[in-house]
Each structure stands twice: as C-alpha cells, then as structure tokens.
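K.L.:
This is the structure, below, for whatever I ask next.
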Amino acid sequence: MSEAIEKLRADILSDPSVVLEDSEVMRALLHAQDSANGDRVVDLRNVFLERLEQRLERLEDTHASVIAAAFDNMAGTNQVQRAVLAVLEPRDFPSFLDVLQNEVASILGVDMVRLCIESKSQDGGLPHGVITPLEPGSIREIILNGRDVAMRKVTLREAGPNKARVFTAAAGRVKSEALLRLDLGQKQLPALLAFGSENVDRFSPDQGIDLLTFFAEAFERILRRWVA
C-alpha cells in the first residue's frame, strides 16, 4: 500500500465525517459498490439515498421560496407604511397633492399617480397635475370595463381601454395599472387613486392586494379631511 493511500486511510479513520458529510464522495462509493455487486443486485441503500437527496433539494427550494416571499412581504409592508406616513405629513391640500405625485410615487415605485375625483362640475376647479376630474359614474365604468361583476376595492391589471380617461396625456406610457376605489362618505361622490407603470408585469390580477387595500383604506380617510 502506497504512502499516499496510507495517509488517506489514516485521515478517513481519524475523521470519518470528511467522507460521510460529502454527498458526492458517498454517492461515488455507493455506485462503486453497485458495480461490484453486478447488474443483478440492487443496493437499496443507494436508491434510498437518492430519494432522500431529492426530498432535501425540494425542501431547500421551498425554504428559499418562503424566505424570499417573507422578505418581499416585509419590504412591501415597509413601503406602504412609509407612503401612509408621507400623506399624513402635509398641512394643506396643495402640499398633500405634491406629496402624492412625487414622494408616494417614488416610495411605491410607480411611474404615474392620478387622483380621479368625480364631480358634477367640470369647470377645472381642481388645478393640479395629479388630479383627473371625472363625470359622475365614470369610476364604475373605468374599473369594471363593461363587465357585470362586483367592484373590488383594488383592481390590478394590464392597462385597459379606459387608461386615457385616468392618466390623460401620460396614458401612452402606462402598460399596467392599479386602481384603488375610494369611499369619501355618504355626501361625497366616489374617487379613484390610480397607479400606472411602464412595466406591463408590474400589476397583474394574480398578485396579492392586501397591502394596497390597506393603503386605499388609510388614504381615503386622509383624503376626507380635504374634500369634506
């Protein structure tokens, strides 16, 4: 027996975990045993090990996915909390609209923000770029897009045919949209907060809406202070 083999044998005997914890070495040893046994003998240890490795890989993938989803959810929660705090800060309505158009858009990572307010008067009495005045009944038409379904608080989708009514001159850049229906109270017509993205995959119906629903409910309560 050569000196190198003797040393290797001594190293293994002194610390067997070097071999036992190395999956590639163990697999090679088991395959070598299979070859020695011949084609007519099946070593179930090798089959069992391979199945355990497959299960472990699936568990690791699932674990990684769960961790990634948790971090994404934490990041999303942090964004929405920051956005709510931002719209709570202004002391007057013009500043509130400026924060909505700039800070909130930046915090939430959207390209366009529009606050659509239904009004019986279309005389341009809401002079701010973030505001889109609409005729009564328009918000329902925009959200439902002709479908006979119940209106949800939050609608996520690829930008539809009504995007020009919401985003006006910037509509050509909008590829996906998030529409947040706002209830301003019994004496007020409804409103709509719309987020537009140049990325077609930014908003889609299969995404969760919990955080945006919370933001919509918080935002409408803040907005009531200014339009009541």
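The values are calculated or read from the model by the stated rules, or taken from the named source; none is laboratory data. Quick caveat: nothing in here was measured; it's all calculated off a predicted structure. Because the Cβ atoms are built from the backbone with ideal geometry, glycine has one as well, and the counts that use them run over all protein chains shown. Protein only, heavy atoms only, side chains kept; ligands, DNA and RNA dropped before computing areas. Shrake-Rupley method; radii C 1.70, N 1.55, O 1.52, S 1.80 Å.
K.L.:
Just the residues that are under 15 Å from residue 180 (Cβ atoms) and open to solvent by 70 Å² or more (accessible area, probe 1.4 Å), please, taken from the stretch 209-228.
P.N.:
Result: 210, 214, 217, 221, 224.
K.L.:
Would you please name the residue that is surrounded by the most Cβ atoms within 10 Å (Cβ to Cβ), looking only at residues in the stretch 172-189 that are modelled with pLDDT under 90 and not hydrophobic (A, V, I, L, M, F, W, C)?
P.N.:
Result: 188.
K.L.:
When you go through 180, 184 one by one, which is the residue that is part of a loop (DSSP other than H, G, I, E, B), closer than 25 Å to residue 79 by Cβ and touching a helix residue (DSSP H, G or I) at 6+ places or on another chain (Cβ under 8 Å)?
P.N.:
Every option except 184 fails the conditions.
K.L.:
Condition check: open to solvent by 70 Å² or more (accessible area, probe 1.4 Å), modelled with pLDDT of 90 or more and out of contact with any strand residue (DSSP E or B) (no Cβ under 6 Å at 6 or more places or on another chain). Does residue 199 satisfy that?
P.N.:
Working: open to solvent by 70 Å² or more (accessible area, probe 1.4 Å): yes; modelled with pLDDT of 90 or more: yes; out of contact with any strand residue (DSSP E or B) (no Cβ under 6 Å at 6 or more places or on another chain): yes.
Yes.
K.L.:
Do any helices (runs of 4 or more DSSP H) lying entirely in the stretch 78-146 carry at least 2 residues that are at pLDDT 90 or above, open to solvent by less than 40 Å² (accessible area, probe 1.4 Å) and within 18 Å of residue 168 (Cβ to Cβ), and which ones are they?
P.N.:
Helices (runs of 4 or more DSSP H) meeting the threshold: 138-144.
K.L.:
Is it the case, given these coordinates, that residue 193 is of a type outside the set (Val, Ile, Thr), open to solvent by less than 10 Å² (accessible area, probe 1.4 Å), over 25 Å from the mean Cα position of the chain (by Cα) and closer than 22 Å to residue 92 by Cβ?
P.N.:
For residue 193, the condition - of a type outside the set (Val, Ile, Thr), open to solvent by less than 10 Å² (accessible area, probe 1.4 Å), over 25 Å from the mean Cα position of the chain (by Cα) and closer than 22 Å to residue 92 by Cβ - is not met.
K.L.:
Here is a further query. What are the residue pairs meeting all of these: first residue in the stretch 153-171, first residue open to solvent by 60 Å² or more (accessible area, probe 1.4 Å) and in a strand (DSSP E or B), second residue of a type in the set (Asp, Glu) and at pLDDT 90 or above, Cβ atoms under 8 Å, and 6 or more apart or on different chains?
P.N.:
158/177
K.L.:
Which condition from (1) out of contact with any Lys or Arg (no Cβ under 6 Å at 6 or more places or on another chain); (2) more than 22 Å from residue 85 (Cβ to Cβ); (3) modelled with pLDDT of 90 or more is the one that residue 212 breaks?
P.N.:
Checking residue 212 against (1) out of contact with any Lys or Arg (no Cβ under 6 Å at 6 or more places or on another chain); (2) more than 22 Å from residue 85 (Cβ to Cβ); (3) modelled with pLDDT of 90 or more, the one that fails is (2).
K.L.:
Right, here's the next one. Among the polar types (S, T, N, Q) and within 14 Å of residue 142 (Cβ to Cβ): does that describe residue 168?
P.N.:
On the way: among the polar types (S, T, N, Q): yes; within 14 Å of residue 142 (Cβ to Cβ): yes.
Yes: the conditions hold for residue 168.
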